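Below is one structure, written out as structure tokens, with a few remarks after it.
Where a number appears in this text, it was derived from the coordinates with a stated rule and is not lab data. Values in this document were obtained by computation on a predicted structure and should not be read as measured data. As a convention, Cβ positions derive from the backbone with ideal geometry for all residues, glycine included, and neighbour counts pool all protein chains shown.
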Amino acid sequence: MPVPRAGLSRDAVVRIALEQVDAGGPTGLADLTLAKVAASAGVATPSLYKHVGSLAALRRHVALVALEEMTTTSAAATVGRAGPDALRSLARAWRGYALAHPGRYAATQLAPDPDPDVAEDAEHRAAATRVVALVGAVLHGFGLPDDRTIDAVRAVRAGVHGFITLELGGGFRLPEDLDRSFDAVVDMLVAGVTALADAPPSAAPKEQP
């Protein structure tokens, strides 16, 4: 039977949850329960409520830590780089984090409530905003017009995340090298962002008479 951990705190509960999420792989966040965390901590489940208010709150804390870790890793990988070089480094940093921490990576996809009046999601919103800002800063080196930056951010996130999700889920069964395939995907994204930057401005919709 687990020995109760002395000085249990919110940070300690979150650390246990992070360990369990990583151990569970891509489905670690979905499989996380307060009962499992309490068992690892050697306490009864109700004892966790004074540290985390609910399972949703615990998942939010896990997502916040994961987002901050991935942002720090990505920022370090892209510092001093620009344009295609920065985008390639960003994509590789995301994939590297996901392969090393599949459960935590899955947690980075947990979206915070966008309503600013939902105070409990304020830190999570801020962390998510920093990720988007980092991607925007990387793409700034392509000379994108302001009205196409969000399109490029979404395309990059979708392309890289799609590959990572398939890889973690065992969706690539053919023997060809995955690193080479990932680089090919990133090259396509670089070409796409470059084309978006060179495209003529979008015409404003005409008003109906």
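Working from Cα pairs under 8 Å separated by at least six residues, relative contact order for region 61-198 is 29 percent.
So what's the net charge close to residue 107: Lys and Arg +1, Asp and Glu -1, counting the other residues with Cβ under 13 Å from its Cβ? Residues close to residue 107 contribute a combined charge of -2.
A cut-off under 12 angstrom between Cβ atoms defines the neighbours of residue 144, and their net charge, with Lys, Arg +1 and Asp, Glu -1, is -3. Modelled spin-label separation between residue 57 and residue 23, with each label point placed 7 Å from Cα along the Cα-to-Cβ direction: 2.4 nm.
The magnitude of the dipole of the chain, with charges of +1 and -1 set on the Cβ of Lys/Arg and Asp/Glu and taken from the Cα centre, is near 520 debye. Think of it as helices only: each DSSP H run of n ≥ 4 in the chain is worth -39500 (n - 2.57), and spread over all residues that comes to -21500 deg cm²/dmol at 222 nm. Distance between the pseudo-spin-label points of residue 120 and residue 174 (7 Å out from Cα toward the beta carbon): 4.6 nm. Identify which of 178, 196, 168 has the largest mean-square fluctuation in a Gaussian network model of the chain, with springs joining Cα atoms closer than 10 Å. Between 178, 196, 168, it is 178 that shows the largest mean-square fluctuation. Helices assigned as whole DSSP H runs in the chain whose Cα atoms extend at least 27 Å along their own long axis and whose mean Kyte-Doolittle hydropathy is 0.0 or higher are found at 55-78, 146-168, 178-198. Rg over Rh for region 61-198 works out to 0.97, both radii taken from alpha-carbon positions and Rh defined as the Kirkwood radius.
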